[in-house]
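S.K.: Please see the structure below; I have some questions.
The values are calculated or read from the model by the stated rules, or taken from the named source; none is laboratory data. Not measured: the values here are computed from a predicted model. When we count neighbours, we look across all protein chains shown, and the Cβ atoms used for this are built from the backbone with ideal geometry, even at glycine. With ligands, DNA and RNA removed, areas are computed over all heavy atoms of the protein, side chains included. Shrake-Rupley method; radii C 1.70, N 1.55, O 1.52, S 1.80 Å.
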Amino acid sequence: MLIYAKQPIYYLINHYPQKIKTLYLAKELDRKEYSRLMKMDFEIKRIPNEAAVKMSKNANHQGFLAEVEDYKLHDYQTFLDKDFVIVLAGLTDVGNIGAIVRSAYALGADAIIVSGIKHLNIEPILRTSTGALFDMPLAVEQNIHNILNDFKMSGFSSYGADMGGIDIREAKIVKKRVLVLGNEGEGLSSRVSAKLDNIVSIKMAHDFDSLNVSVAGAILMDRMRYEQ
């Protein structure tokens, strides 16, 4: 799996260097920093910028590319013993998913399930999460109804994000909880909403359409921290 850009690669260098197979450098480094990297177990290759551009398919690689171990997806049923799980219902934008992964890790969620899609492109999610994906268990499950049923049977309360819901500040937050975020265009389907215990929203100070799903998700995650 190839990733690029300085921030996600340095996250791996500093936290999971064993996951890096080869580091490709298309820029000069400070001698002290280059010496530090040379002492690590992964291979380092210097390459011209033209090769880096080709490898990254014209994306902004910032002079850093790395071949890393493949990310191993989890079985979502292993999350039934967690406390706070995020379910993405039909989200397809890998930028949004990566941002949600980053926020989920920062704000104390235990795991994420991506539902409603058959295949998930992990590489861009790893990049946009700036490496946090390696610290966040992630599962892919096509059928969201199976997910919701299993979590309900395991004692979880579910919360769905929708502009018509109650203010999240007024909702009772329990320890075993699932936050469901709908897709970028249509939000939660009526069929999914009907299966949820709570529909919550973020009340805004001004009349405005809606927030980006990754921004809304981060706000809801912060306000759903469980305090006894």
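S.K.: Compute the distribution of all C-alpha to C-alpha distances in the stretch 105-192, in bins of 10 Å from 0, and list the percent of pairs in each, rounded to whole numbers.
M.R.: That works out to 13, 43, 38, 6, in percent per bin.
S.K.: Using only helices, what value at 222 nm comes out for the chain when you add -39,500 (n - 2.57) per DSSP H run of length 4 or more and divide by the total residues, to the nearest 500 deg cm²/dmol? Could you put the intermediate results ahead of the total?
M.R.: Values: 8 runs with 72 residues, N = 228.
The helix contribution divided over the chain gives -9000 deg cm²/dmol.
S.K.: About the Cα centre, and with charges only on the beta carbon of Lys, Arg (+1) and Asp, Glu (-1), how big is the dipole of the stretch 70-228? Nearest 20 debye, please.
M.R.: Working: 16 positive and 20 negative charges, 65 e Å.
Result for the stretch 70-228 is approximately 320 debye, rounded to the nearest 20.
S.K.: While we're on this one: Considering the dipole of the chain built from charges on the beta carbon (Lys and Arg +1, Asp and Glu -1) around the Cα centre, which of Leu73, Met221, Val140 is farthest to its positive end?
M.R.: With unit charges placed on the Cβ atoms, the residue in question is Leu73.
S.K.: Turning to a different aspect of this structure: Output the 0 to 90 degree angle, nearest 10, between the alpha-carbon long axis of helix 94-106 and the longest principal axis computed from the alpha carbons of the chain.
M.R.: With rounding to tens, the tilt is 80 degrees.
S.K.: If you average the C-alpha positions of the stretch 20-75 and of the stretch 118-149 separately, how far apart do those two centres end up, in angstrom?
M.R.: After rounding, the separation between the Cα centres reads 24 Å.
S.K.: Taking only protein heavy atoms and a 1.4 Å probe, what accessible area per residue, in Å², does the stretch 123-228 have with all protein chains in place? If you can, show how the numbers build up before the last one.
M.R.: Working: 5450 Å² over 106 residues.
For the stretch 123-228, the solvent-accessible area averages 51 Å² per residue.
S.K.: Still on this structure, I have one more. Which of Val101, Ser193, Ile20 sits farthest toward the positive end of the charge dipole of the chain, with +1 on the Cβ of Lys and Arg and -1 on the Cβ of Asp and Glu?
M.R.: Most positive-ward Cα: Ile20.
S.K.: If you don't mind, there's one more thing I want to ask. Would you please put 80-88, 67-75, 139-147 in order of how densely packed they are, using the mean number of other Cβ atoms within 10 angstrom per residue and starting with the highest? Please list the in-between numbers first.
M.R.: Numbers: 80-88: 20.6, 67-75: 13.9, 139-147: 16.4.
Peptide ranking by packing, descending: 80-88, 139-147, 67-75.
S.K.: While we're here: What angle, in degrees between 0 and 90 and rounded to the nearest 10, separates the Cα long axis of helix 213-223 from the longest principal axis of the Cα atoms of the chain?
M.R.: Orientation of helix 213-223: about 70 degrees from the principal axis.
S.K.: May I pose another question? Report in % the part of the accessible area of the chain that belongs to carbon and sulfur, leaving out ligands and nucleic acids; probe 1.4 Å. If you can, show how the numbers build up before the last one.
M.R.: Values: 5590 of 11960 Å².
Heavy-atom surface of the chain belonging to carbon and sulfur, 1.4 Å probe: 47 percent.
S.K.: Relative to the longest principal axis of the C-alpha atoms of the chain, give the angle of the C-alpha long axis of helix 6-15, reported between 0 and 90° and rounded to the nearest 10°.
M.R.: Here the helix axis deviates by roughly 90 degrees.
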